[in-house]
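The values are calculated or read from the model by the stated rules, or taken from the named source; none is laboratory data. Bear in mind that the values here come from a model prediction, so they are computed numbers and not experimental data. All Cβ positions, glycine included, derive from the backbone under ideal geometry; neighbour counts span all protein chains shown.
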Amino acid sequence: YGLLALVAWGYRRARGREGLGGGDPLLLGAIGLWVGPVGAVHVLLGAALLGLAVAGLMAWRGGRIDAATRLPLGTFLAAAAWPVFVLDLR
């Protein structure tokens, strides 16, 4: 939770606008309770990789990716949490 809250705070200070939804750090905190601290790191890495893959696919298909493009981190966190939980990557 603390890591994402710090990232959200830093982004807000640097850019003057929200970069993460208020629920994203809370969701990662809840996932961390479910899969443990090491599992939460795996979930965060998996979510970041999923987000990069979606952004790459959008760019490849001719979509415009810029600073205003929004990608739902919470969705990626939830998608990455399931395999970490099932495979028990603690």
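See the values below:
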| read-out | value |
| --- | --- |
| Residue in region 57-71 that is of a type in the set (Val, Ile, Thr) and within 11 Å of the chain's Cα centre (by Cα) present | no |
| Cross-chain or 6+ apart pairs with Cβ under 8 Å, region 1-25 first and on the phi < 0 side of the Ramachandran plot, then among the basic types (Lys, Arg) and assigned to a helix (DSSP H, G or I) | 18/12; 19/12 |
| Test: residue in region 31-50 that is under 17 Å from the mean Cα position of the chain (by Cα), over 19 Å from residue 1 (Cβ atoms) and of a type outside the set (Val, Ile, Thr) | yes |
| Residue that is assigned to a helix (DSSP H, G or I), at pLDDT 95 or above and surrounded by fewer than 14 Cβ atoms within 10 Å (Cβ to Cβ), where the choices are 57, 49 | 49 |
| Count - residues of region 66-78 that are surrounded by 12 or more Cβ atoms within 10 Å (Cβ to Cβ) and in a loop (DSSP other than H, G, I, E, B) | 2 |
